[in-house]
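The structure under discussion appears below in the form of C-alpha coordinates.
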Protein chains: 2
Amino acid sequence: MNFSITEENYIKNIYHLQQQSELVNTNSLAFELQTKPASVTDMLKKLQIKNLLDYEKYKGFRLTNKGNKVAINIVRRHRLWEFFLVTKLGFEWDKVHSIAEELEHVSNQELIQKLDRFLNHPQIDPHGDPIPDGNGKIPIIHQLSIADVIENKKVIVSSVANQSPAILELLNHYHINIGTEIKINQRFSFDRSIEIKVGKYAPCIISELVAKNIFVHHE
Amino acid sequence: MNFSITEENYIKNIYHLQQQSELVNTNSLAFELQTKPASVTDMLKKLQIKNLLDYEKYKGFRLTNKGNKVAINIVRRHRLWEFFLVTKLGFEWDKVHSIAEELEHVSNQELIQKLDRFLNHPQIDPHGDPIPDGNGKIPIIHQLSIADVIENKKVIVSSVANQSPAILELLNHYHINIGTEIKINQRFSFDRSIEIKVGKYAPCIISELVAKNIFVHHE
DNA sequence: ATTTATTTTTAGACAAATCTAAAAAATATA
DNA sequence: TATATTTTTTAGATTTGTCTAAAAATAAAT
(Lines give C-alpha, C1' and ligand atoms only; values in the text may rest on other atoms or scores of the structure.)
Protein backbone atom coordinates (compact mmCIF):
# COMPACT_ATOMS: atom_id res chain seq x y z
CA MET A 1 0.00 0.00 0.00
CA ASN A 2 1.15 3.51 -0.80
CA PHE A 3 0.85 6.64 1.30
CA SER A 4 1.10 10.35 0.54
CA ILE A 5 4.11 12.31 1.70
CA THR A 6 1.93 14.02 4.28
CA GLU A 7 0.61 10.74 5.62
CA GLU A 8 4.16 9.39 5.85
CA ASN A 9 5.27 12.43 7.79
CA TYR A 10 2.46 11.99 10.27
CA ILE A 11 3.20 8.28 10.68
CA LYS A 12 6.92 8.87 11.16
CA ASN A 13 6.41 11.58 13.77
CA ILE A 14 3.88 9.55 15.70
CA TYR A 15 6.41 6.73 15.73
CA HIS A 16 9.13 8.98 17.15
CA LEU A 17 6.83 10.43 19.82
CA GLN A 18 5.87 6.91 20.83
CA GLN A 19 9.50 6.17 21.71
CA GLN A 20 9.04 8.59 24.60
CA SER A 21 5.51 7.85 25.71
CA GLU A 22 3.22 4.98 24.79
CA LEU A 23 0.28 7.23 24.02
CA VAL A 24 0.62 10.33 21.84
CA ASN A 25 -1.50 13.46 22.11
CA THR A 26 -2.71 15.90 19.50
CA ASN A 27 -0.85 19.00 20.66
CA SER A 28 2.60 17.44 20.77
CA LEU A 29 2.18 15.95 17.31
CA ALA A 30 0.99 19.31 16.00
CA PHE A 31 4.08 20.93 17.49
CA GLU A 32 6.35 18.28 15.98
CA LEU A 33 4.82 18.70 12.55
CA GLN A 34 4.74 22.49 12.76
CA THR A 35 1.01 22.50 12.13
CA LYS A 36 -2.24 23.21 13.98
CA PRO A 37 -4.03 20.75 16.28
CA ALA A 38 -7.14 20.95 14.10
CA SER A 39 -5.19 19.68 11.11
CA VAL A 40 -3.83 16.83 13.18
CA THR A 41 -7.30 15.73 14.23
CA ASP A 42 -8.36 15.60 10.58
CA MET A 43 -5.44 13.41 9.65
CA LEU A 44 -5.88 11.13 12.68
CA LYS A 45 -9.28 10.15 11.36
CA LYS A 46 -7.84 9.29 7.97
CA LEU A 47 -5.08 7.20 9.47
CA GLN A 48 -7.56 5.40 11.66
CA ILE A 49 -9.74 4.52 8.68
CA LYS A 50 -6.65 3.09 6.97
CA ASN A 51 -5.96 0.93 10.03
CA LEU A 52 -2.69 2.62 10.80
CA LEU A 53 -3.80 4.16 14.06
CA ASP A 54 -5.61 3.22 17.27
CA TYR A 55 -7.43 6.40 18.11
CA GLU A 56 -10.12 7.33 20.57
CA LYS A 57 -11.47 10.87 20.62
CA TYR A 58 -9.97 13.02 23.37
CA LYS A 59 -8.02 10.01 24.69
CA GLY A 60 -4.85 10.01 22.57
CA PHE A 61 -3.58 7.59 19.94
CA ARG A 62 -0.91 5.04 19.03
CA LEU A 63 0.17 3.24 15.87
CA THR A 64 -1.30 -0.17 15.08
CA ASN A 65 1.02 -3.04 14.12
CA LYS A 66 0.47 -2.11 10.52
CA GLY A 67 1.22 1.55 11.23
CA ASN A 68 4.35 0.57 13.08
CA LYS A 69 5.64 -1.43 10.14
CA VAL A 70 5.06 1.50 7.80
CA ALA A 71 6.85 3.84 10.22
CA ILE A 72 9.87 1.59 10.58
CA ASN A 73 10.15 1.39 6.82
CA ILE A 74 10.21 5.17 6.56
CA VAL A 75 12.82 5.38 9.31
CA ARG A 76 14.88 2.78 7.46
CA ARG A 77 14.81 4.82 4.27
CA HIS A 78 15.63 8.02 6.11
CA ARG A 79 18.66 6.56 7.89
CA LEU A 80 20.00 4.76 4.83
CA TRP A 81 19.91 8.02 2.90
CA GLU A 82 21.63 9.83 5.78
CA PHE A 83 24.34 7.21 5.75
CA PHE A 84 24.68 7.65 2.00
CA LEU A 85 24.86 11.43 2.19
CA VAL A 86 27.62 11.35 4.79
CA THR A 87 29.76 8.44 3.64
CA LYS A 88 29.42 8.80 -0.13
CA LEU A 89 28.67 12.44 -0.81
CA GLY A 90 30.77 13.84 2.01
CA PHE A 91 28.10 15.78 3.86
CA GLU A 92 28.66 16.47 7.53
CA TRP A 93 26.20 14.57 9.70
CA ASP A 94 24.46 17.63 11.08
CA LYS A 95 23.50 18.80 7.58
CA VAL A 96 21.82 15.73 6.16
CA HIS A 97 18.56 15.51 8.10
CA SER A 98 16.46 17.82 5.95
CA ILE A 99 17.67 16.28 2.69
CA ALA A 100 16.96 12.78 3.97
CA GLU A 101 13.47 13.96 4.91
CA GLU A 102 12.81 14.46 1.22
CA LEU A 103 14.59 11.36 -0.05
CA GLU A 104 12.82 9.10 2.45
CA HIS A 105 9.55 9.49 0.54
CA VAL A 106 10.89 7.86 -2.61
CA SER A 107 9.44 4.52 -1.73
CA ASN A 108 10.55 2.12 -4.46
CA GLN A 109 11.41 -1.13 -2.68
CA GLU A 110 14.12 -2.22 -5.10
CA LEU A 111 15.81 1.17 -4.76
CA ILE A 112 16.12 0.84 -1.01
CA GLN A 113 17.26 -2.76 -1.24
CA LYS A 114 19.99 -1.86 -3.73
CA LEU A 115 20.99 1.24 -1.79
CA ASP A 116 21.33 -0.91 1.33
CA ARG A 117 23.58 -3.35 -0.52
CA PHE A 118 25.62 -0.52 -2.06
CA LEU A 119 26.23 0.90 1.40
CA ASN A 120 27.19 -2.56 2.66
CA HIS A 121 24.17 -3.02 4.93
CA PRO A 122 25.03 -0.36 7.51
CA GLN A 123 23.56 -0.87 10.97
CA ILE A 124 23.98 2.58 12.43
CA ASP A 125 23.36 5.98 10.87
CA PRO A 126 25.69 8.98 11.19
CA HIS A 127 23.77 10.21 14.25
CA GLY A 128 24.37 6.88 15.98
CA ASP A 129 20.79 5.63 15.52
CA PRO A 130 20.14 2.04 14.42
CA ILE A 131 19.01 1.36 10.86
CA PRO A 132 16.12 -1.15 10.67
CA ASP A 133 16.74 -4.01 8.24
CA GLY A 134 14.51 -5.03 5.34
CA ASN A 135 12.28 -7.04 7.66
CA GLY A 136 11.81 -4.17 10.08
CA LYS A 137 14.15 -5.61 12.68
CA ILE A 138 16.02 -2.88 14.55
CA PRO A 139 19.54 -3.89 15.55
CA ILE A 140 20.51 -3.32 19.17
CA ILE A 141 24.04 -2.10 19.02
CA HIS A 142 26.50 -1.19 21.73
CA GLN A 143 28.54 1.81 20.82
CA LEU A 144 31.74 2.77 22.50
CA SER A 145 34.70 4.97 21.74
CA ILE A 146 37.85 3.41 20.30
CA ALA A 147 39.56 4.32 23.55
CA ASP A 148 37.39 1.68 25.26
CA VAL A 149 37.80 -1.19 22.80
CA ILE A 150 39.92 -4.13 23.90
CA GLU A 151 42.97 -5.11 21.89
CA ASN A 152 42.68 -7.29 18.77
CA LYS A 153 39.01 -6.51 18.24
CA LYS A 154 37.59 -5.53 14.87
CA VAL A 155 35.00 -2.76 14.97
CA ILE A 156 33.03 -0.53 12.60
CA VAL A 157 33.03 3.25 12.86
CA SER A 158 29.51 4.47 13.58
CA SER A 159 29.87 8.16 14.37
CA VAL A 160 32.30 10.90 15.28
CA ALA A 161 31.64 12.98 18.38
CA ASN A 162 33.50 16.10 17.30
CA GLN A 163 32.71 17.21 13.78
CA SER A 164 35.14 20.10 13.50
CA PRO A 165 36.95 20.52 10.18
CA ALA A 166 40.17 19.88 12.09
CA ILE A 167 39.29 16.34 13.17
CA LEU A 168 37.58 15.57 9.86
CA GLU A 169 40.80 16.50 8.07
CA LEU A 170 42.74 14.16 10.31
CA LEU A 171 40.29 11.28 9.96
CA ASN A 172 40.43 11.72 6.22
CA HIS A 173 44.18 11.38 6.45
CA TYR A 174 43.77 8.10 8.36
CA HIS A 175 41.17 6.94 5.80
CA ILE A 176 38.67 6.72 8.65
CA ASN A 177 35.09 7.25 7.64
CA ILE A 178 31.72 6.22 8.96
CA GLY A 179 31.22 2.56 8.14
CA THR A 180 34.92 1.70 7.79
CA GLU A 181 36.32 -1.31 9.61
CA ILE A 182 39.07 -0.81 12.14
CA LYS A 183 41.12 -3.34 14.07
CA ILE A 184 42.50 -2.23 17.42
CA ASN A 185 46.04 -3.60 17.54
CA GLN A 186 47.82 -2.26 20.56
CA ARG A 187 47.53 0.31 23.30
CA PHE A 188 50.61 2.29 24.41
CA SER A 189 50.62 3.30 28.05
CA PHE A 190 53.05 6.20 27.72
CA ASP A 191 50.56 8.58 26.05
CA ARG A 192 47.60 6.20 25.74
CA SER A 193 47.95 6.28 21.97
CA ILE A 194 46.56 3.31 20.09
CA GLU A 195 47.78 1.42 17.07
CA ILE A 196 44.96 0.57 14.69
CA LYS A 197 44.59 -0.98 11.27
CA VAL A 198 42.16 0.85 9.03
CA GLY A 199 40.68 -1.35 6.29
CA LYS A 200 43.51 -2.64 4.17
CA TYR A 201 45.92 0.18 4.91
CA ALA A 202 49.10 -0.27 6.91
CA PRO A 203 48.69 0.03 10.70
CA CYS A 204 48.92 3.52 12.16
CA ILE A 205 48.83 5.18 15.57
CA ILE A 206 46.16 7.58 16.77
CA SER A 207 46.20 9.80 19.83
CA GLU A 208 43.96 9.22 22.83
CA LEU A 209 42.04 12.38 21.96
CA VAL A 210 41.21 11.09 18.51
CA ALA A 211 40.33 7.64 19.89
CA LYS A 212 37.86 9.15 22.33
CA ASN A 213 36.08 10.98 19.54
CA ILE A 214 35.52 7.98 17.31
CA PHE A 215 32.53 5.84 18.21
CA VAL A 216 32.38 2.29 16.97
CA HIS A 217 30.36 -0.89 17.24
CA HIS A 218 31.07 -4.59 16.86
CA GLU A 219 30.44 -6.96 13.90
CA MET B 1 12.52 30.10 -6.25
CA ASN B 2 10.88 26.78 -5.45
CA PHE B 3 8.24 24.92 -7.40
CA SER B 4 5.80 22.16 -6.55
CA ILE B 5 6.33 18.66 -7.90
CA THR B 6 3.38 19.16 -10.22
CA GLU B 7 4.74 22.43 -11.54
CA GLU B 8 8.12 20.82 -12.13
CA ASN B 9 6.53 17.98 -14.06
CA TYR B 10 4.71 20.43 -16.29
CA ILE B 11 7.86 22.45 -16.89
CA LYS B 12 9.94 19.38 -17.67
CA ASN B 13 7.41 17.98 -20.12
CA ILE B 14 6.97 21.30 -21.90
CA TYR B 15 10.75 21.39 -22.24
CA HIS B 16 10.85 17.93 -23.80
CA LEU B 17 8.01 18.69 -26.22
CA GLN B 18 9.82 21.86 -27.28
CA GLN B 19 12.76 19.77 -28.47
CA GLN B 20 10.46 18.56 -31.24
CA SER B 21 8.47 21.67 -32.06
CA GLU B 22 9.08 25.27 -31.05
CA LEU B 23 5.48 25.81 -29.96
CA VAL B 24 3.68 23.34 -27.71
CA ASN B 25 -0.07 22.73 -27.69
CA THR B 26 -2.45 21.82 -24.91
CA ASN B 27 -3.51 18.39 -26.11
CA SER B 28 -0.03 16.97 -26.56
CA LEU B 29 1.05 18.16 -23.14
CA ALA B 30 -2.10 16.67 -21.62
CA PHE B 31 -1.28 13.36 -23.30
CA GLU B 32 2.32 13.48 -22.10
CA LEU B 33 1.25 14.17 -18.51
CA GLN B 34 -1.58 11.63 -18.60
CA THR B 35 -4.07 14.29 -17.65
CA LYS B 36 -6.96 16.26 -19.19
CA PRO B 37 -6.60 19.34 -21.42
CA ALA B 38 -8.69 21.38 -18.98
CA SER B 39 -6.19 20.71 -16.21
CA VAL B 40 -3.36 21.77 -18.49
CA THR B 41 -5.03 25.08 -19.27
CA ASP B 42 -5.35 25.79 -15.55
CA MET B 43 -1.67 25.15 -14.94
CA LEU B 44 -0.59 27.16 -17.99
CA LYS B 45 -2.10 30.25 -16.42
CA LYS B 46 -0.20 29.67 -13.20
CA LEU B 47 3.09 29.15 -15.00
CA GLN B 48 2.51 32.29 -17.04
CA ILE B 49 1.92 34.34 -13.90
CA LYS B 50 5.21 33.02 -12.52
CA ASN B 51 6.98 34.13 -15.71
CA LEU B 52 7.92 30.62 -16.69
CA LEU B 53 5.78 30.49 -19.80
CA ASP B 54 4.94 32.58 -22.87
CA TYR B 55 1.33 31.72 -23.44
CA GLU B 56 -1.40 33.14 -25.65
CA LYS B 57 -4.88 31.66 -25.46
CA TYR B 58 -5.64 29.20 -28.25
CA LYS B 59 -2.24 29.91 -29.82
CA GLY B 60 0.09 27.52 -27.99
CA PHE B 61 2.93 28.19 -25.53
CA ARG B 62 6.69 27.98 -24.96
CA LEU B 63 8.99 28.32 -21.95
CA THR B 64 10.52 31.70 -21.17
CA ASN B 65 14.27 31.97 -20.53
CA LYS B 66 13.54 31.58 -16.86
CA GLY B 67 11.32 28.55 -17.51
CA ASN B 68 14.03 27.03 -19.64
CA LYS B 69 16.61 27.36 -16.90
CA VAL B 70 14.30 25.68 -14.43
CA ALA B 71 13.61 22.87 -16.90
CA ILE B 72 17.29 22.25 -17.60
CA ASN B 73 17.94 22.04 -13.90
CA ILE B 74 15.27 19.38 -13.50
CA VAL B 75 16.67 17.45 -16.46
CA ARG B 76 20.12 17.68 -14.90
CA ARG B 77 18.87 16.21 -11.63
CA HIS B 78 16.96 13.48 -13.43
CA ARG B 79 19.94 12.36 -15.51
CA LEU B 80 22.42 12.50 -12.65
CA TRP B 81 20.16 10.25 -10.59
CA GLU B 82 19.78 7.87 -13.54
CA PHE B 83 23.54 7.70 -13.84
CA PHE B 84 23.78 7.02 -10.13
CA LEU B 85 21.15 4.29 -10.19
CA VAL B 86 22.87 2.44 -13.03
CA THR B 87 26.55 2.87 -12.16
CA LYS B 88 26.39 2.73 -8.38
CA LEU B 89 23.30 0.74 -7.49
CA GLY B 90 23.47 -1.66 -10.45
CA PHE B 91 20.07 -1.00 -11.97
CA GLU B 92 19.64 -1.73 -15.66
CA TRP B 93 19.16 1.43 -17.67
CA ASP B 94 15.62 0.64 -18.77
CA LYS B 95 14.42 0.39 -15.16
CA VAL B 96 15.61 3.68 -13.73
CA HIS B 97 13.39 6.26 -15.38
CA SER B 98 10.46 6.12 -12.98
CA ILE B 99 12.67 6.17 -9.89
CA ALA B 100 14.61 9.13 -11.24
CA GLU B 101 11.28 10.89 -11.82
CA GLU B 102 10.80 10.88 -8.07
CA LEU B 103 14.36 11.68 -7.08
CA GLU B 104 14.57 14.63 -9.49
CA HIS B 105 12.22 16.66 -7.31
CA VAL B 106 14.58 16.68 -4.34
CA SER B 107 15.94 20.08 -5.21
CA ASN B 108 18.67 20.82 -2.68
CA GLN B 109 21.47 22.50 -4.65
CA GLU B 110 24.30 21.20 -2.52
CA LEU B 111 22.98 17.66 -2.87
CA ILE B 112 23.11 17.81 -6.65
CA GLN B 113 26.52 19.44 -6.65
CA LYS B 114 27.95 16.76 -4.38
CA LEU B 115 26.22 13.98 -6.29
CA ASP B 116 27.75 15.33 -9.49
CA ARG B 117 31.21 15.31 -7.93
CA PHE B 118 30.71 11.83 -6.47
CA LEU B 119 29.77 10.53 -9.93
CA ASN B 120 32.82 12.26 -11.38
CA HIS B 121 30.89 14.84 -13.42
CA PRO B 122 29.34 12.50 -15.96
CA GLN B 123 28.39 14.06 -19.29
CA ILE B 124 26.05 11.41 -20.64
CA ASP B 125 23.31 9.48 -18.89
CA PRO B 126 22.69 5.72 -19.32
CA HIS B 127 20.22 6.39 -22.14
CA GLY B 128 22.87 8.32 -24.05
CA ASP B 129 21.39 11.75 -23.31
CA PRO B 130 23.65 14.64 -22.31
CA ILE B 131 23.69 15.81 -18.68
CA PRO B 132 23.52 19.62 -18.34
CA ASP B 133 26.26 21.05 -16.10
CA GLY B 134 25.72 23.26 -13.06
CA ASN B 135 25.44 26.35 -15.25
CA GLY B 136 22.83 24.80 -17.50
CA LYS B 137 25.25 24.19 -20.35
CA ILE B 138 24.39 21.03 -22.27
CA PRO B 139 27.44 19.20 -23.62
CA ILE B 140 27.37 18.25 -27.28
CA ILE B 141 28.91 14.84 -27.41
CA HIS B 142 29.69 12.53 -30.29
CA GLN B 143 28.97 8.96 -29.46
CA LEU B 144 30.29 6.02 -31.39
CA SER B 145 30.77 2.33 -30.80
CA ILE B 146 34.18 1.07 -29.70
CA ALA B 147 34.39 -0.69 -33.08
CA ASP B 148 34.67 2.76 -34.68
CA VAL B 149 37.24 4.34 -32.37
CA ILE B 150 40.74 4.84 -33.78
CA GLU B 151 43.72 3.22 -32.06
CA ASN B 152 45.39 4.80 -29.04
CA LYS B 153 42.37 6.92 -28.16
CA LYS B 154 40.99 7.17 -24.63
CA VAL B 155 37.21 7.18 -24.40
CA ILE B 156 34.46 6.98 -21.77
CA VAL B 157 31.69 4.40 -21.87
CA SER B 158 28.35 6.16 -22.22
CA SER B 159 25.84 3.39 -22.89
CA VAL B 160 25.41 -0.23 -23.91
CA ALA B 161 23.17 -1.07 -26.85
CA ASN B 162 22.28 -4.60 -25.82
CA GLN B 163 21.26 -4.91 -22.18
CA SER B 164 20.83 -8.69 -22.02
CA PRO B 165 22.04 -10.38 -18.84
CA ALA B 166 24.54 -12.24 -21.06
CA ILE B 167 26.41 -9.12 -22.18
CA LEU B 168 26.11 -7.48 -18.79
CA GLU B 169 27.76 -10.50 -17.23
CA LEU B 170 30.59 -10.23 -19.74
CA LEU B 171 31.04 -6.49 -19.28
CA ASN B 172 31.14 -7.02 -15.57
CA HIS B 173 33.95 -9.50 -16.11
CA TYR B 174 35.88 -6.91 -18.12
CA HIS B 175 35.17 -4.31 -15.42
CA ILE B 176 33.39 -2.24 -18.03
CA ASN B 177 30.66 -0.02 -16.69
CA ILE B 178 28.99 3.18 -17.74
CA GLY B 179 31.40 6.02 -17.03
CA THR B 180 34.57 3.91 -17.05
CA GLU B 181 37.53 5.02 -19.10
CA ILE B 182 38.81 2.76 -21.86
CA LYS B 183 41.88 3.07 -24.05
CA ILE B 184 41.71 1.41 -27.47
CA ASN B 185 45.11 -0.21 -27.94
CA GLN B 186 45.08 -2.31 -31.07
CA ARG B 187 42.77 -3.78 -33.67
CA PHE B 188 43.32 -7.34 -34.96
CA SER B 189 42.25 -7.90 -38.55
CA PHE B 190 41.80 -11.67 -38.28
CA ASP B 191 38.53 -11.54 -36.31
CA ARG B 192 38.28 -7.78 -35.84
CA SER B 193 38.81 -8.21 -32.13
CA ILE B 194 40.20 -5.22 -30.25
CA GLU B 195 42.69 -4.93 -27.43
CA ILE B 196 41.59 -2.38 -24.85
CA LYS B 197 42.77 -1.18 -21.48
CA VAL B 198 39.98 -0.73 -18.96
CA GLY B 199 40.83 1.79 -16.22
CA LYS B 200 43.90 0.52 -14.39
CA TYR B 201 43.41 -3.14 -15.22
CA ALA B 202 45.72 -5.08 -17.52
CA PRO B 203 44.86 -4.86 -21.23
CA CYS B 204 42.35 -7.38 -22.56
CA ILE B 205 40.77 -8.30 -25.87
CA ILE B 206 37.11 -7.97 -26.73
CA SER B 207 35.25 -9.42 -29.71
CA GLU B 208 33.87 -7.27 -32.52
CA LEU B 209 30.34 -8.08 -31.34
CA VAL B 210 31.03 -6.71 -27.90
CA ALA B 211 32.82 -3.68 -29.34
CA LYS B 212 29.83 -2.83 -31.49
CA ASN B 213 27.54 -2.87 -28.47
CA ILE B 214 29.55 -0.49 -26.34
CA PHE B 215 28.98 3.19 -27.05
CA VAL B 216 31.57 5.68 -25.95
CA HIS B 217 32.48 9.35 -26.16
CA HIS B 218 35.71 11.34 -25.99
CA GLU B 219 37.27 13.33 -23.12
C1' DA C 1 -18.47 30.61 -47.43
C1' DT C 2 -20.88 27.60 -44.57
C1' DT C 3 -20.88 23.63 -42.15
C1' DT C 4 -18.36 20.15 -39.52
C1' DA C 5 -14.82 18.65 -36.65
C1' DT C 6 -11.15 19.51 -33.55
C1' DT C 7 -8.87 21.97 -30.07
C1' DT C 8 -8.94 24.84 -26.24
C1' DT C 9 -11.02 27.27 -22.62
C1' DT C 10 -14.52 28.33 -19.02
C1' DA C 11 -17.61 27.22 -15.31
C1' DG C 12 -18.51 24.72 -11.56
C1' DA C 13 -17.57 20.65 -8.67
C1' DC C 14 -14.42 17.63 -6.00
C1' DA C 15 -10.56 15.66 -3.01
C1' DA C 16 -6.49 16.42 -0.07
C1' DA C 17 -4.51 19.08 3.29
C1' DT C 18 -4.62 23.05 5.58
C1' DC C 19 -6.45 27.07 8.38
C1' DT C 20 -9.41 30.11 11.92
C1' DA C 21 -12.86 30.54 15.20
C1' DA C 22 -15.97 28.52 18.11
C1' DA C 23 -17.82 24.49 20.69
C1' DA C 24 -17.10 20.39 23.51
C1' DA C 25 -14.56 17.43 26.50
C1' DA C 26 -11.07 16.64 29.87
C1' DT C 27 -8.08 18.35 33.44
C1' DA C 28 -6.66 21.42 37.07
C1' DT C 29 -7.76 24.69 40.64
C1' DA C 30 -10.12 26.91 44.19
C1' DT D 1 -18.21 20.49 43.87
C1' DA D 2 -18.17 24.30 41.05
C1' DT D 3 -15.19 27.12 38.24
C1' DA D 4 -11.33 28.06 35.35
C1' DT D 5 -7.95 26.40 32.15
C1' DT D 6 -6.17 23.49 28.79
C1' DT D 7 -6.75 20.24 25.18
C1' DT D 8 -9.19 18.46 21.50
C1' DT D 9 -12.68 18.48 18.15
C1' DT D 10 -16.10 20.45 14.89
C1' DA D 11 -17.73 23.62 11.42
C1' DG D 12 -16.83 26.11 7.67
C1' DA D 13 -13.46 28.40 4.58
C1' DT D 14 -9.14 28.23 1.59
C1' DT D 15 -5.52 26.46 -1.63
C1' DT D 16 -3.72 23.26 -5.01
C1' DG D 17 -4.54 20.31 -8.52
C1' DT D 18 -7.82 17.72 -10.63
C1' DC D 19 -12.20 16.54 -13.15
C1' DT D 20 -16.71 16.74 -16.34
C1' DA D 21 -19.66 19.05 -19.27
C1' DA D 22 -20.59 22.83 -21.94
C1' DA D 23 -19.12 26.95 -24.53
C1' DA D 24 -15.89 29.34 -27.52
C1' DA D 25 -12.29 29.61 -30.82
C1' DT D 26 -9.70 27.61 -34.51
C1' DA D 27 -8.99 24.48 -38.35
C1' DA D 28 -10.72 21.37 -41.94
C1' DA D 29 -14.03 19.98 -45.35
C1' DT D 30 -17.67 20.34 -48.41
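The values are calculated or read from the model by the stated rules, or taken from the named source; none is laboratory data. Predicted model only: the values in this text are computed from it and were never measured. When we count neighbours, we look across all protein chains shown, and the Cβ atoms used for this are built from the backbone with ideal geometry, even at glycine. The protein model used for the area step is the full one, side chains on, heavy atoms only, and it has no ligands, DNA or RNA in it. Shrake-Rupley method; radii C 1.70, N 1.55, O 1.52, S 1.80 Å.
Quick notes
- Of the residues contained in segment B:69-82, one or more are found to be facing chain A (nearest Cβ under 10 Å), open to solvent by less than 50 Å² (accessible area, probe 1.4 Å) and under 12 Å from the mean Cα position of the chain (by Cα).
- Total residues in segment B:1-27, condition open to solvent by 70 Å² or more (accessible area, probe 1.4 Å), under 16 Å from B:F61 (Cα atoms) and within 11 Å of DNA strand D (Cβ to nearest atom): 2
- If you go through segment B:86-99 and keep only what is closer than 11 Å to A:E110 by Cα and in a helix (DSSP H, G or I), you end up with B:K95, B:I99.
- Residue list for segment B:150-181, filter: assigned to a helix (DSSP H, G or I), open to solvent by 60 Å² or more (accessible area, probe 1.4 Å) and of a type outside the set (D, E): B:P165, B:A166, B:L170, B:N172, B:H173
- Counting the residues of segment B:83-100 that are within 11 Å of the chain's Cα centre (by Cα), more than 19 Å from A:F84 (Cβ to Cβ) and either within 12 Å of chain A (Cβ to nearest Cβ) or at pLDDT 95 or above (or both) gives 1.
- Residue list for segment B:188-203, restricted to those being in a loop (DSSP other than H, G, I, E, B), under 31 Å from the mean Cα position of the chain (by Cα) and at negative phi: B:S193, B:K200, B:Y201, B:A202, B:P203
- Which numbered condition A:K46 fails, given (1) within 14 Å of chain B (Cβ to nearest Cβ); (2) basic (K, R); (3) surrounded by fewer than 17 Cβ atoms within 10 Å (Cβ to Cβ): (1)
- Tally, over segment A:101-145, of residues that are within 14 Å of another protein chain (Cβ to nearest Cβ) and either assigned to a helix (DSSP H, G or I) or open to solvent by less than 60 Å² (accessible area, probe 1.4 Å) (or both): 19
- The numbered conditions (1) surrounded by 17 or more Cβ atoms within 10 Å (Cβ to Cβ); (2) away from chain A (no Cβ under 14 Å) are all true for B:Y58 except (1).
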